[in-house]
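J.: Pasting a structure below so you can have a look.
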Amino acid sequence: MNSIEKGSMKRGDFLRSLGLSTSTLMAYWCLGTTMTACGSSDDDPNPDPDPDPNPGTGTGISGTTTGTAINFTVDMTNSNNTKLKTNGGFIITGDVLVAKTTAGSYVALSKICTHEGNPVTYRPTSNDVFCQTHGSTFSIAGAVTNGPAAVALKTYTVTVSTDGNTLTVKA
Ligand code: FES
(Lines give C-alpha, C1' and ligand atoms only; values in the text may rest on other atoms or scores of the structure.)
Protein backbone atom coordinates (compact mmCIF):
# COMPACT_ATOMS: atom_id res chain seq x y z
CA MET A 1 0.00 0.00 0.00
CA ASN A 2 1.67 3.13 -1.16
CA SER A 3 -0.61 5.90 -0.13
CA ILE A 4 -3.30 6.26 2.49
CA GLU A 5 -6.05 8.79 2.15
CA LYS A 6 -6.41 10.60 5.46
CA GLY A 7 -9.30 9.18 7.50
CA SER A 8 -10.27 6.55 4.92
CA MET A 9 -8.48 3.52 6.42
CA LYS A 10 -10.26 1.44 9.09
CA ARG A 11 -8.38 -0.12 12.01
CA GLY A 12 -8.62 -3.64 10.58
CA ASP A 13 -7.35 -2.49 7.19
CA PHE A 14 -4.46 -0.74 8.84
CA LEU A 15 -3.52 -3.80 10.91
CA ARG A 16 -3.80 -6.06 7.87
CA SER A 17 -1.50 -3.70 6.03
CA LEU A 18 1.06 -4.42 8.76
CA GLY A 19 0.88 -8.14 7.96
CA LEU A 20 -0.75 -9.31 11.21
CA SER A 21 -2.51 -12.68 11.25
CA THR A 22 -6.28 -13.10 11.59
CA SER A 23 -5.97 -14.42 15.18
CA THR A 24 -3.75 -11.51 16.17
CA LEU A 25 -6.23 -9.14 14.57
CA MET A 26 -9.12 -10.76 16.49
CA ALA A 27 -7.27 -10.45 19.81
CA TYR A 28 -6.48 -6.83 19.05
CA TRP A 29 -10.07 -6.17 18.02
CA CYS A 30 -11.35 -7.61 21.30
CA LEU A 31 -9.01 -5.42 23.31
CA GLY A 32 -10.08 -2.37 21.39
CA THR A 33 -13.83 -2.82 21.78
CA THR A 34 -16.18 -2.94 24.72
CA MET A 35 -15.63 -6.70 24.89
CA THR A 36 -19.27 -7.40 24.15
CA ALA A 37 -18.35 -9.57 21.18
CA CYS A 38 -15.65 -11.52 23.02
CA GLY A 39 -16.77 -11.66 26.61
CA SER A 40 -17.73 -14.84 28.39
CA SER A 41 -21.38 -15.73 28.86
CA ASP A 42 -21.38 -14.69 32.52
CA ASP A 43 -20.27 -11.13 31.79
CA ASP A 44 -22.72 -8.52 33.05
CA PRO A 45 -24.65 -7.59 29.90
CA ASN A 46 -25.45 -4.18 31.37
CA PRO A 47 -22.52 -3.12 33.53
CA ASP A 48 -23.10 -0.10 35.71
CA PRO A 49 -20.01 1.44 37.29
CA ASP A 50 -22.17 3.52 39.65
CA PRO A 51 -22.68 1.55 42.89
CA ASP A 52 -25.85 3.48 43.69
CA PRO A 53 -28.79 1.11 43.15
CA ASN A 54 -31.22 3.81 42.20
CA PRO A 55 -29.47 6.61 40.38
CA GLY A 56 -31.00 9.04 37.95
CA THR A 57 -29.39 9.14 34.56
CA GLY A 58 -29.48 12.87 34.04
CA THR A 59 -31.70 12.54 30.98
CA GLY A 60 -34.54 15.05 30.95
CA ILE A 61 -32.63 17.30 33.35
CA SER A 62 -31.32 20.70 32.34
CA GLY A 63 -29.43 23.34 34.23
CA THR A 64 -26.71 23.32 36.87
CA THR A 65 -26.62 20.13 38.94
CA THR A 66 -23.19 20.53 40.55
CA GLY A 67 -21.34 23.14 42.53
CA THR A 68 -22.69 25.97 44.63
CA ALA A 69 -25.19 27.44 42.17
CA ILE A 70 -27.58 24.50 41.89
CA ASN A 71 -30.47 25.42 39.60
CA PHE A 72 -32.02 22.83 37.32
CA THR A 73 -35.30 21.46 36.03
CA VAL A 74 -36.44 17.87 35.87
CA ASP A 75 -38.72 16.86 33.00
CA MET A 76 -41.25 14.65 34.74
CA THR A 77 -42.57 13.38 31.41
CA ASN A 78 -39.17 11.82 30.66
CA SER A 79 -39.21 8.08 31.30
CA ASN A 80 -35.91 8.28 33.21
CA ASN A 81 -37.57 10.39 35.87
CA THR A 82 -40.65 8.30 36.54
CA LYS A 83 -39.21 7.34 39.94
CA LEU A 84 -40.15 10.82 41.05
CA LYS A 85 -43.82 10.11 40.36
CA THR A 86 -43.92 7.39 42.99
CA ASN A 87 -43.84 7.99 46.73
CA GLY A 88 -40.51 6.72 48.00
CA GLY A 89 -38.76 7.12 44.63
CA PHE A 90 -35.68 9.20 44.05
CA ILE A 91 -33.05 10.16 41.52
CA ILE A 92 -29.52 11.43 41.86
CA THR A 93 -28.27 13.94 39.35
CA GLY A 94 -24.98 15.74 39.64
CA ASP A 95 -24.49 16.61 43.31
CA VAL A 96 -28.16 16.43 44.19
CA LEU A 97 -30.52 13.75 45.46
CA VAL A 98 -34.17 14.47 44.62
CA ALA A 99 -36.80 12.33 46.31
CA LYS A 100 -40.54 12.01 46.47
CA THR A 101 -40.98 11.11 50.10
CA THR A 102 -43.24 8.37 51.35
CA ALA A 103 -45.68 11.15 52.25
CA GLY A 104 -45.65 12.42 48.66
CA SER A 105 -43.71 15.67 49.09
CA TYR A 106 -40.59 16.53 47.14
CA VAL A 107 -37.22 17.15 48.78
CA ALA A 108 -33.79 17.83 47.35
CA LEU A 109 -30.56 17.53 49.29
CA SER A 110 -26.87 17.38 48.63
CA LYS A 111 -25.87 13.83 47.79
CA ILE A 112 -22.47 14.47 49.39
CA CYS A 113 -22.22 13.17 52.94
CA THR A 114 -20.87 15.82 55.30
CA HIS A 115 -18.68 13.26 57.04
CA GLU A 116 -16.21 12.30 54.33
CA GLY A 117 -18.01 13.21 51.15
CA ASN A 118 -19.36 9.85 50.02
CA PRO A 119 -22.73 9.63 48.25
CA VAL A 120 -25.88 9.27 50.31
CA THR A 121 -29.11 7.58 49.33
CA TYR A 122 -32.78 8.02 50.18
CA ARG A 123 -34.39 5.21 52.21
CA PRO A 124 -38.14 5.03 51.73
CA THR A 125 -38.49 2.40 54.45
CA SER A 126 -37.42 4.92 57.09
CA ASN A 127 -38.07 8.10 55.08
CA ASP A 128 -34.56 9.36 55.68
CA VAL A 129 -31.20 9.78 54.00
CA PHE A 130 -28.46 7.24 54.60
CA CYS A 131 -24.72 7.12 53.99
CA GLN A 132 -23.66 3.52 53.74
CA THR A 133 -19.97 4.32 54.12
CA HIS A 134 -20.03 4.83 57.89
CA GLY A 135 -23.74 4.71 58.66
CA SER A 136 -24.64 8.37 59.09
CA THR A 137 -28.33 9.17 58.72
CA PHE A 138 -30.07 12.45 58.01
CA SER A 139 -33.68 13.56 58.16
CA ILE A 140 -35.34 14.57 54.89
CA ALA A 141 -34.77 18.15 56.12
CA GLY A 142 -31.03 17.40 56.11
CA ALA A 143 -30.45 17.28 59.88
CA VAL A 144 -28.04 14.69 61.24
CA THR A 145 -29.95 11.94 63.03
CA ASN A 146 -27.01 9.59 63.46
CA GLY A 147 -23.26 10.19 63.23
CA PRO A 148 -20.42 10.12 62.60
CA ALA A 149 -21.53 13.03 60.39
CA ALA A 150 -21.94 16.15 62.51
CA VAL A 151 -23.06 18.69 59.92
CA ALA A 152 -26.44 18.79 58.20
CA LEU A 153 -26.82 18.08 54.49
CA LYS A 154 -27.45 21.11 52.34
CA THR A 155 -31.04 21.27 51.14
CA TYR A 156 -32.55 22.82 48.02
CA THR A 157 -35.93 24.26 47.20
CA VAL A 158 -38.15 22.12 44.97
CA THR A 159 -41.02 23.70 43.05
CA VAL A 160 -43.52 21.70 41.02
CA SER A 161 -45.04 23.27 37.91
CA THR A 162 -48.83 23.68 37.83
CA ASP A 163 -49.22 20.85 35.34
CA GLY A 164 -46.85 18.64 37.36
CA ASN A 165 -44.59 18.09 34.37
CA THR A 166 -41.55 19.98 35.65
CA LEU A 167 -39.67 20.13 38.93
CA THR A 168 -37.38 23.06 39.53
CA VAL A 169 -34.58 22.58 42.07
CA LYS A 170 -32.71 25.66 43.30
CA ALA A 171 -30.11 26.51 45.90
S1 FES B 1 -18.79 9.42 54.56
FE2 FES B 1 -20.86 9.32 55.12
S3 FES B 1 -20.83 8.50 57.11
FE4 FES B 1 -18.73 8.67 56.59
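The values are calculated or read from the model by the stated rules, or taken from the named source; none is laboratory data. Fair warning: this is a prediction, and the values are worked out from it, not measured in the lab. Note that we place each Cβ from the backbone using ideal geometry, even for glycine, and neighbour counts take in every protein chain shown. Ligands, DNA and RNA are excluded from the accessible area calculation, which covers all protein heavy atoms including side chains. Shrake-Rupley method; radii C 1.70, N 1.55, O 1.52, S 1.80 Å.
J.: Label points 7 Å out from Cα along the Cβ direction at THR86 and ALA150: separation in nm?
T.: About 3.9 nm, to one decimal.
J.: In square angstrom, what is the accessible area per residue of region 61-170 with a 1.4 angstrom probe?
T.: 46 Å²
J.: Under the rule of at least 5 residues apart or a separate chain, name every residue whose amide H is placed under 5 Å from the amide H of ASP128.
T.: Amide H neighbours of ASP128: ARG123.
J.: Can you order the peptides 93-106, 138-151 by their average number of other Cβ atoms within 10 Å per residue, highest first?
T.: Highest mean packing first, the order is 93-106, 138-151.
J.: Could you look at region 61-170 and say what percent of its accessible area is carbon and sulfur, using a 1.4 Å probe and all protein chains?
T.: 49 percent
J.: For region 143-149, just list the computed ³J(HN,Hα) in residue order, Karplus coefficients 6.51, -1.76 and 1.60, θ = phi - 60°, integers in Hz, with x standing in for Gly and Pro.
T.: Here the 3J(HN,Hα) series is 5, 5, 10, 7, x, x, 4 Hz.
J.: Let me ask you something else. Using θ = phi - 60° and the Karplus relation 6.51 cos²θ - 1.76 cosθ + 1.60, list the HN-Hα couplings for region 93-98 in order, rounded to whole Hz, with x at every Gly or Pro.
T.: Computed from phi, the couplings for region 93-98 are 9, x, 9, 10, 9, 10 Hz.
J.: Using the Karplus curve 6.51 cos²θ - 1.76 cosθ + 1.60 with θ = phi - 60°, work out ³J(HN,Hα) for each residue of region 115-129 in order, rounded to whole Hz, and write x for Gly and Pro.
T.: Residue by residue, region 115-129 yields 6, 10, x, 7, x, 9, 9, 8, 10, x, 5, 10, 6, 9, 10 Hz.
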